[in-house]
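**Q** Structure in structure tokens, see below.
The values are calculated or read from the model by the stated rules, or taken from the named source; none is laboratory data. Nothing here was measured: the structure is a model prediction, and the numbers come from that model. Cβ placement follows ideal geometry from the backbone for every residue including glycine, while neighbour counts extend to all protein chains displayed.
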Protein chains: 2
Amino acid sequence: MIQPRTFKGARDFLPEQMLHRERILDTMRTVFKKYGYAPVETPAIEYLDVLTGKYGEEADRLIYKLNYKTGTKDEAALHYDLTVPFSRMVAMNNDLAMPFKRYQMQPVWRADRPQPHQGRFREFYQCDVDCVGSSSMLIEAELIAITYEVLNGLDIPDFLIKINNRKILNGITQYIGLDNNFVGDVCVSIDKLDKVEWNEVAKELKDKNIHTTSIDKLHDLLTQKLNLTQLKSALAEIEIAQEGIAEIEEIFYYLQILGIPEQYFTFDIALARGLDYYTGPIFETKLPKHPHIGSLNGGGRYNGLIASFGGKDLPSVGTSLGLDRIFTAMQQLNLLSEVKTSTQVLVGNFGADTLDASLKLVKELRANGINTEFYPEATKMKKQFSYCDKKQIPFMAILGSEELAQNKITLKVMKTGLQNLIDFNELLEKLA
Amino acid sequence: MIQPRTFKGARDFLPEQMLHRERILDTMRTVFKKYGYAPVETPAIEYLDVLTGKYGEEADRLIYKLNYKTGTKDEAALHYDLTVPFSRMVAMNNDLAMPFKRYQMQPVWRADRPQPHQGRFREFYQCDVDCVGSSSMLIEAELIAITYEVLNGLDIPDFLIKINNRKILNGITQYIGLDNNFVGDVCVSIDKLDKVEWNEVAKELKDKNIHTTSIDKLHDLLTQKLNLTQLKSALAEIEIAQEGIAEIEEIFYYLQILGIPEQYFTFDIALARGLDYYTGPIFETKLPKHPHIGSLNGGGRYNGLIASFGGKDLPSVGTSLGLDRIFTAMQQLNLLSEVKTSTQVLVGNFGADTLDASLKLVKELRANGINTEFYPEATKMKKQFSYCDKKQIPFMAILGSEELAQNKITLKVMKTGLQNLIDFNELLEKLA
């Protein structure tokens, strides 16, 4: 006999979870469409070379490979995110109307160490919104507004959208006396700062042969907690940093017109994002009161990625909402009511005498759009009640021989136990 | 540079396909819920030993394995269908309220030879509805009614739900003088009959050391095209066949009460279904006028599967609607209208002077539930019109300095080219 078990870091979802997950996805879909984004999908399986070399070395090691033509150019793997496959798709489709605005909600896979309490799994859903073909900061603002509207629509309190710019991080790299080759190292180190202590980050930078003077200068800058205006003067000499700061200011201006409340977003110099492909503004949403829960979303501008597939050099920006992080957060914040079914009424089964009439009732209820179950066996009423109760179906409709004789139905309200003899039209009214 | 390409047998879906696919999934979800089914999901990745030994040898060879702990008990693979993972899930959850009715819509993977024109791919969506914990033929009838309601709801004409029973096929195996060990061989052969000629099937049976007398008797029975009543007397002596026929008659009785039109379902003695795990009624939907398109759905009763994971021996029955087959059929039947977006209106961008006012208009439209895009660059009007046209967005709203001065908006109907100067409330009315 085979031991039934789920793959480590992956999960089953029963209706009590799925009904909420479907609601979260529906909320996102509605908001995405409201902002003019249209759905796309790419396959879970991609050729390995399509995926590697875009995320950075650490991430590349976490890609799940298939046991398929290993070592050839046809070696295949499971996608690690949706951004790279989407860029591949855009590079293959030259006639898309630009700007091309899409959303994409699919599972992705990472051979990571699972940490369920933090909402970190090996198989999880990303819900991405991206716009290709525009350099306007209006798009960044729109994506941040979408993030706000989704999380607010799900009644998640006190989230904070942190915003930074890779151009500022480039500028900082210059400012501390390092050339462009070190930008990646600096980003990866800063990115770890919310998980590990400065000492550890400093050691990592030292191991990469970065001089102590530079490390100290970086430490100084990060610990000063400068606001945007202060940073602007601190990095006055550095052109790329000024450009990055101006972009953030522009985004903030649009967010204000769009009516996004100020307490929900902030500039954060220590936000870096781990992935290699970002080139401009970056963003990430945290729950400051629940720091152990990972980011609820993350994204940014990645202008060079599509060109890396030989496509036109199209400016791109996107954000990825993590269904599983959001779901974990909502669970831990007690935002998920107990729900096990969307069935509105169970029709009881009293056996042969009333089977035809009951089944006709079931048919009529469904034809009127009422989610209806018919108990499939003519077992004891007690058992049927208890099923209705356990499944939290709000009503039970009873059509026994007495009811049939009177052309009526008994409707039992499960919560109160009260029951009434009513006709079909009254039944429809009560259930609607 | 990496050649951008999709994995063989897998596909990208652009908005013009995805908007239809989402609609098909929504239709299914609505019908599934109307019949009292609730959503579940299982991971794409399963341990290999959970999957193998249930489908039959031919199918087992088509399972995609990951390059993960190969040769150990932790070897992992992509799920081949949703029925086996669902049975594994049920075996692991002892406290489900029975009968447990679930739907599950996810991609599955098969290392098969892709045949796009037939709707056969290596990565495709199955949309499963299953009920565990009831032996009543009411469930079979309900699943067939669901199939009818989904396909009818999608305006697919002339589909035919074929129904048979593994018990009848067992009976036929006895009738032609073979013992139970040959049921699988007989099923696999019959199952191939709609793809290959009888000669080929006969040869396959001969290769399995089945005597010519048995093969000829099988041929006779299949070519007589008996209806259910005729078959009943032909197999009068064979108890298991009588049981199977009685079940089909019961299902047909319920289908009639449920109001499913007779021309949409039929008994088919030559329906066998390839998978090993079926034990009772089986069903499959075809488009008889388009025989090259594979089955739109398939399912049946599989009473022993959950017990094979050490769970209780729970009677189970389910059906799987193939999104990709249905989508392929609808494409080939010209049932898919041209649609590229769900955006209702594009607000033009006239640059700095009216940017704030335009962005506020965009915000207000969205707040009123109108799917609205704002053109992100202040380019020539002609370019913005042409974008609106190419994306098939029905309306364009223009808020230039003239409109701003009058506190009005120009609304252009893209189809006719007509435009009107109106105020915001009129705009809302026109767009709603």
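**Q** Where residues in the range A:376-392 are within 8 Å of chain B (Cβ to nearest Cβ) and not in a helix (DSSP H, G or I), which of them is farthest from the chain's Cα centre (by Cα)?
**A** At the first step, the residues of the range A:376-392 found to be within 8 Å of chain B (Cβ to nearest Cβ) are A:376-377, A:387, A:390-391.
Right, trim to not in a helix (DSSP H, G or I) and you get A:376-377, A:391.
On the way: A:Pro376: 38, A:Glu377: 41, A:Lys391: 29 Å.
Per the criteria, the residue is A:Glu377.
**Q** Out of all the residues in the range B:170-189, which are under 16 Å from B:Gln242 (Cα atoms), surrounded by 22 or more Cβ atoms within 10 Å (Cβ to Cβ) and in contact with an Asp or Glu (Cβ under 9 Å, 6 or more places away or on another chain)?
**A** Scanning the range B:170-189 gives B:Gly171, B:Thr173.
**Q** Let me ask something else about it. Consider the range B:1-19. How many of its residues are of a type in the set (A, V, I, L, M), closer than 16 Å to A:Lys101 by Cβ and touching a residue at least 24 places away in the same chain (Cβ under 8 Å)? Break it down into steps so the answer makes sense when it comes.
**A** If we filter the range B:1-19 for residues that are of a type in the set (A, V, I, L, M), which is where we start, we get B:1-2, B:10, B:14, B:18-19.
If we keep only those that are closer than 16 Å to A:Lys101 by Cβ as well, we get B:14, B:18-19.
Pick out the ones that are also touching a residue at least 24 places away in the same chain (Cβ under 8 Å) and you get B:19.
Matching residues across the range B:1-19 total 1.
**Q** Looking only at residues in the range A:120-139 that are away from chain B (no Cβ under 11 Å) and at pLDDT 95 or above, which one is surrounded by the most Cβ atoms within 10 Å (Cβ to Cβ)?
**A** Let us first name the residues in the range A:120-139 that are away from chain B (no Cβ under 11 Å), namely A:120, A:126-130, A:132.
From what's left, at pLDDT 95 or above: A:126-130, A:132.
On the way: A:Gln126: 22, A:Cys127: 22, A:Asp128: 24, A:Val129: 27, A:Asp130: 25, A:Val132: 25.
The selected residue is A:Val129.
**Q** Looking only at the range A:31-59, filter to residues that are closer than 21 Å to A:Arg113 by Cβ and either facing chain B (nearest Cβ under 7 Å) or in contact (Cβ under 8 Å) with a residue 12 or more places away in the chain (or both); which one of those is surrounded by the most Cβ atoms within 10 Å (Cβ to Cβ)?
**A** A:Leu51
**Q** Among residues belonging to the range B:274-299 that are part of a loop (DSSP other than H, G, I, E, B) and of a type in the set (A, V, I, L, M), point out the one that is farthest from the chain's Cα centre (by Cα). Full working, then the answer.
**A** Taking the range B:274-299 first, the residues part of a loop (DSSP other than H, G, I, E, B) are B:274-280, B:287-296.
Keeping just the survivors that are of a type in the set (A, V, I, L, M) gives B:275, B:287, B:293, B:296.
Numbers: B:Leu275: 17, B:Leu287: 14, B:Ile293: 13, B:Leu296: 7 Å.
Top of the filtered list is B:Leu275.
**Q** Considering each of A:Glu204, A:Glu197, A:Glu239, A:Glu243 in turn, give the residue that is within 19 Å of A:Glu140 (Cα to Cα), charged (D, E, K, R) and in the same structural domain as A:Ala272 (by TED's automatic domain parsing). Spell out how you get there, then give the answer.
**A** Working: A:Glu204 fails: within 19 Å of A:Glu140 (Cα to Cα); A:Glu197 fails: within 19 Å of A:Glu140 (Cα to Cα); A:Glu239 fails: within 19 Å of A:Glu140 (Cα to Cα).
Selected residue: A:Glu243, the only one of A:Glu204, A:Glu197, A:Glu239, A:Glu243 that is within 19 Å of A:Glu140 (Cα to Cα), charged (D, E, K, R) and in the same structural domain as A:Ala272 (by TED's automatic domain parsing).
**Q** For the range B:252-281, which positions are out of contact with any helix residue (DSSP H, G or I) (no Cβ under 9 Å at 6 or more places or on another chain) and either among the basic types (Lys, Arg) or modelled with pLDDT of 95 or more (or both)?
**A** Step one: list which residues in the range B:252-281 are out of contact with any helix residue (DSSP H, G or I) (no Cβ under 9 Å at 6 or more places or on another chain), which gives B:263, B:266, B:268.
Matches in the range B:252-281: B:Gln263, B:Thr266.
**Q** Now, a different point. Restricting attention to the range B:140-158, and to residues there that are in contact with a Leu (Cβ under 7 Å, 6 or more places away or on another chain) and within 12 Å of chain A (Cβ to nearest Cβ), which single residue is nearest to B:Phe32 (Cα to Cα)?
**A** That would be B:Ala145.
**Q** For the condition at pLDDT 95 or above, surrounded by fewer than 18 Cβ atoms within 10 Å (Cβ to Cβ), of a type in the set (Asp, Glu) and not assigned by TED's automatic domain parsing to the domain that holds B:Ser135, what is the one hit in B:Glu364, B:Glu373, B:Glu284? I'd like the intermediate steps shown before the answer.
**A** On the way: B:Glu373 fails: surrounded by fewer than 18 Cβ atoms within 10 Å (Cβ to Cβ); B:Glu284 fails: surrounded by fewer than 18 Cβ atoms within 10 Å (Cβ to Cβ).
Only one candidate passes the filter, namely B:Glu364.
**Q** Mind checking which pairs have a first residue in the range B:173-189 that is farther than 14 Å from B:Tyr278 by Cβ and a second that is small (Gly, Ala, Ser), Cβ under 6 Å, 6 or more apart or different chains?
**A** Qualifying pairs under 6 Å: B:Ile176/B:Ser214; B:Gly177/B:Ser214; B:Leu178/B:Ser214.
**Q** Return the only residue of B:Lys217, B:Lys167, B:Lys195 being surrounded by 14 or more Cβ atoms within 10 Å (Cβ to Cβ) and under 30 Å from the mean Cα position of the chain (by Cα).
**A** The conditions single out B:Lys167.
**Q** Next up: Of all residues in the range B:361-380, count the ones that are in contact with a strand residue (DSSP E or B) (Cβ under 8 Å, 6 or more places away or on another chain) and without any contact (Cβ under 8 Å) to a residue 40 or more places away in the chain.
**A** Pass one, the range B:361-380, residues in contact with a strand residue (DSSP E or B) (Cβ under 8 Å, 6 or more places away or on another chain): B:361-362, B:365-366, B:370-376.
Narrowing the set further to residues that are without any contact (Cβ under 8 Å) to a residue 40 or more places away in the chain leaves B:362, B:366, B:371-376.
Qualifying residue count for the region: 8.
**Q** Just the residues that are closer than 23 Å to A:Ala111 by Cβ and facing chain B (nearest Cβ under 7 Å), please, taken from the range A:5-30.
**A** A:Arg5, A:Thr6, A:Phe7, A:Ala10, A:Arg11, A:Asp12, A:Phe13
**Q** Among the residues of the range B:382-402, how many are closer than 15 Å to B:Ala352 by Cα and touching a strand residue (DSSP E or B) at 6+ places or on another chain (Cβ under 8 Å)?
**A** Going residue by residue through the range B:382-402, those that are closer than 15 Å to B:Ala352 by Cα are B:398-402.
Retained after the next criterion (residues that are touching a strand residue (DSSP E or B) at 6+ places or on another chain (Cβ under 8 Å)): B:398-400.
Going through the range B:382-402 one residue at a time, the tally reaches 3.
The rows are residues; the columns are (1) under 19 Å from the mean Cα position of the chain (by Cα); (2) acidic (Asp, Glu).
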position	(1), (2)
A:Asn67	no, no
A:Ala76	no, no
A:Pro85	yes, no
A:Met92	no, no
A:Met105	yes, no
A:Pro116	yes, no
A:Asp128	yes, yes
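**Q** Of (1) farther than 18 Å from B:Gly298 by Cβ; (2) under 25 Å from the mean Cα position of the chain (by Cα), B:Ala59 satisfies all except one. Which?
**A** (1)
**Q** I'm trying to understand the selection: among the residues of the range B:243-263, which are under 20 Å from A:Arg366 (Cβ atoms) and more than 14 Å from chain A (Cβ to nearest Cβ)?
**A** Looking only at the range B:243-263, we keep the residues that are under 20 Å from A:Arg366 (Cβ atoms), and these are B:251-262.
Within the range B:243-263, just B:Glu262 meets the criteria.
**Q** Regarding A:Ile240, is this residue in contact with a strand residue (DSSP E or B) (Cβ under 7 Å, 6 or more places away or on another chain), modelled with pLDDT of 95 or more and in a helix (DSSP H, G or I)? Spell out the reasoning first.
**A** Details: in contact with a strand residue (DSSP E or B) (Cβ under 7 Å, 6 or more places away or on another chain): no; modelled with pLDDT of 95 or more: yes; in a helix (DSSP H, G or I): yes.
Judged against the criteria, A:Ile240 is not a match.
**Q** Could you please give the count of residues in the range A:222-237 that are outside any loop (DSSP other than H, G, I, E, B), of a type in the set (A, V, I, L, M) and under 32 Å from the mean Cα position of the chain (by Cα)?
**A** Taking the range A:222-237 first, the residues outside any loop (DSSP other than H, G, I, E, B) are A:222-223, A:228-234.
Narrowing the set further to residues that are of a type in the set (A, V, I, L, M) leaves A:222, A:228, A:231, A:234.
Remaining after also requiring under 32 Å from the mean Cα position of the chain (by Cα): A:222, A:228, A:231.
Adding up the residues that qualify gives 3.
**Q** Enumerate the pairs (first residue in the range A:405-432 and under 16 Å from A:Val347 (Cβ atoms); second residue anywhere and small (Gly, Ala, Ser) and outside any loop (DSSP other than H, G, I, E, B)) with beta-carbon separation below 9 Å, excluding pairs fewer than 6 apart on the same chain, so at least 6 apart or on different chains.
**A** Here the result reads A:Ile409/A:Ala397; A:Thr410/A:Ala397; A:Leu411/A:Ala397; A:Lys412/A:Ala397; A:Leu427/A:Ala397; A:Leu431/A:Ala397, each pair linking the range A:405-432 to a residue that is small (Gly, Ala, Ser) and outside any loop (DSSP other than H, G, I, E, B).
**Q** Hey, another quick one. Of the residues that make up the range A:338-352, is at least one part of a helix (DSSP H, G or I) and either in contact (Cβ under 8 Å) with a residue 24 or more places away in the chain or surrounded by 15 or more Cβ atoms within 10 Å (Cβ to Cβ) (or both)?
**A** The first filter runs over the range A:338-352 and keeps only residues part of a helix (DSSP H, G or I), leaving A:352.
Pick out the ones that are also either in contact (Cβ under 8 Å) with a residue 24 or more places away in the chain or surrounded by 15 or more Cβ atoms within 10 Å (Cβ to Cβ) (or both) and you get A:352.
Within the range A:338-352 (the criterion being part of a helix (DSSP H, G or I) and either in contact (Cβ under 8 Å) with a residue 24 or more places away in the chain or surrounded by 15 or more Cβ atoms within 10 Å (Cβ to Cβ) (or both)), the answer is yes, since at least one residue qualifies.
**Q** Given the conditions (1) assigned to a loop (DSSP other than H, G, I, E, B); (2) more than 9 Å from chain A (Cβ to nearest Cβ); (3) in contact with an Asp or Glu (Cβ under 6 Å, 6 or more places away or on another chain), and given that B:Val108 satisfies all but one, which numbered condition is not satisfied?
**A** Looking at each condition in turn, B:Val108 falls short on (1).
**Q** Would you mind telling me which numbered condition in (1) under 25 Å from A:Ile293 (Cβ atoms); (2) assigned to a strand (DSSP E or B) A:Arg102 fails?
**A** Result: A:Arg102 fails condition (1) only.
**Q** Suppose the filter is crowded, with 21+ Cβ neighbours inside 10 Å, among the hydrophobic types (A, V, I, L, M, F, W, C) and in contact with an Asp or Glu (Cβ under 9 Å, 6 or more places away or on another chain); does A:Ile146 pass it?
**A** It is false that A:Ile146 is crowded, with 21+ Cβ neighbours inside 10 Å, among the hydrophobic types (A, V, I, L, M, F, W, C) and in contact with an Asp or Glu (Cβ under 9 Å, 6 or more places away or on another chain).
**Q** Another question, if that's okay. If I filter the range A:60-84 down to residues being more than 10 Å from chain B (Cβ to nearest Cβ) and among the polar types (S, T, N, Q), which single residue comes out as surrounded by the most Cβ atoms within 10 Å (Cβ to Cβ)?
**A** Only one residue tops the list, namely A:Thr83.
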